[in-house]
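J.: First, the structure itself, so that you have it in front of you.
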Amino acid sequence: MGKETKAKKPQREASAADQTRTSLVHAALKLFGRQGFDGTSTREIAAEAKANIGSIAYHFGSKEGLRAAAADFIVETIQGIAGQALGAPQAPTPSNPEAAQAQLFAALERMVGFVVASPQAGEIVQFVLRELSHPTAALDRIYAGVFEPTHRRLCQIWEQATGEPAESENTKLTVFTVIGQVIYFRIGREAVMRRMGWREIGDTEAAKVVAVATDNLRAMLAAHVPAAGRKGKS
């Protein structure tokens, strides 16, 4: 019994340490996004995470290290979501235009589901917006881990769907437009709810956004590929 207790203790301690680390990352993500990096103290982060203030230095070395960890959390989260819809950045593109178009529609639906309806997305978007306004090394991590590879992958799928070169200026701008229409429903959330008379944007409301965004994507494809609007997901 004594040996069994000793064997399990490190595992419990490791689990508690992991939980503390995770809580600190979520607290930093929330407070940095809401108040900014300079406007947030380590004491506030520890209080939000219900952790000892010394645990920040223990787990991350410094407040700056915690910001980097928050950026890495964003990268891991969005990579997981994007990977489900788009595959790995190095994965082969769909084998024909119809499959590529279908993958674009599926990616758009998943993007709306996360960005528009997921509560977690609010904190992530707010953090990223602050980084975009005042870039730091955290933005470099997010750009390299999420923005660039995800955008590049969408451009490759667009090329397969339409025949337009993935790295052309027009393709890159088109993909930014597809993404941008979704992001607006998060950053303009309060204005959208007021104008639409919605009390929230949940799954029901997100489905309505998906319907309109899908129509927009279908129209964009139709402008580049004859009859493309009749293909893909309706």
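J.: Considering only residues that are acidic (D, E) and part of a helix (DSSP H, G or I), which ones fall in region 132-164?
T.: Residues satisfying the conditions are D140, E148, E159.
J.: If you don't mind, there's one more thing I want to ask. Would you confirm whether any residue within region 25-39 is part of a loop (DSSP other than H, G, I, E, B), without any contact (Cβ under 8 Å) to a residue 12 or more places away in the chain and not aliphatic (A, V, I, L, M)?
T.: Yes, there is a match, as at least one residue in region 25-39 is part of a loop (DSSP other than H, G, I, E, B), without any contact (Cβ under 8 Å) to a residue 12 or more places away in the chain and not aliphatic (A, V, I, L, M).
J.: Quick check on my filter: what residues within region 40-61 are over 15 Å from V25 (Cβ atoms), out of contact with any helix residue (DSSP H, G or I) (no Cβ under 8 Å at 6 or more places or on another chain) and not in a helix (DSSP H, G or I)?
T.: S41
Per-residue answers, yes or no, for (1) acidic (D, E); (2) in a helix (DSSP H, G or I); (3) out of contact with any Lys or Arg (no Cβ under 9 Å at 6 or more places or on another chain); (4) surrounded by fewer than 20 Cβ atoms within 10 Å (Cβ to Cβ):
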site	(1), (2), (3), (4)
E64	yes, yes, yes, yes
R67	no, yes, yes, no
D72	yes, yes, no, yes
I78	no, yes, yes, no
Q84	no, yes, no, yes
Q90	no, no, yes, yes
L108	no, yes, no, no
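J.: Take region 184-216 and flag every residue that is within 20 Å of F147 (Cα to Cα) and either open to solvent by 50 Å² or more (accessible area, probe 1.4 Å) or modelled with pLDDT of 95 or more (or both).
T.: If the condition is that a residue be within 20 Å of F147 (Cα to Cα) and either open to solvent by 50 Å² or more (accessible area, probe 1.4 Å) or modelled with pLDDT of 95 or more (or both), then Y184, F185, I187 are the ones that fit.
J.: Let me ask another. Going by the conditions given, is A102 open to solvent by 40 Å² or more (accessible area, probe 1.4 Å), touching a residue at least 24 places away in the same chain (Cβ under 8 Å) and on the phi < 0 side of the Ramachandran plot?
T.: Yes; evaluated as a whole, the condition is true for this residue.
J.: Now for a separate question. So which residues in region 199-217 are more than 19 Å from the chain's Cα centre (by Cα), free of Cβ contacts under 8 Å to residues at least 24 places away in the same chain and in a helix (DSSP H, G or I)?
T.: T204, K208, A211, V212, D215
J.: Modelled with pLDDT under 95, outside any helix (DSSP H, G or I) and of a type in the set (D, E, K, R): is that true of E167 in this structure? Full working, then the answer.
T.: Working: modelled with pLDDT under 95: no; outside any helix (DSSP H, G or I): yes; of a type in the set (D, E, K, R): yes.
Answer is no for this residue.
J.: Still on this structure, please answer the following. Looking at (1) farther than 18 Å from T204 by Cα; (2) under 12 Å from the mean Cα position of the chain (by Cα), which is the one condition that is false for S118?
T.: Checking S118 against (1) farther than 18 Å from T204 by Cα; (2) under 12 Å from the mean Cα position of the chain (by Cα), the one that fails is (1).
The values are calculated or read from the model by the stated rules, or taken from the named source; none is laboratory data. Note that the coordinates shown come from a computational prediction; the quantities given were computed from them, not determined experimentally. Note: ideal-geometry Cβ built from the backbone for every residue, glycine included; neighbour counts use all protein chains shown. In case anyone asks, the SASA skips ligands and DNA or RNA and just uses the protein heavy atoms, side chains included. Shrake-Rupley method; radii C 1.70, N 1.55, O 1.52, S 1.80 Å.
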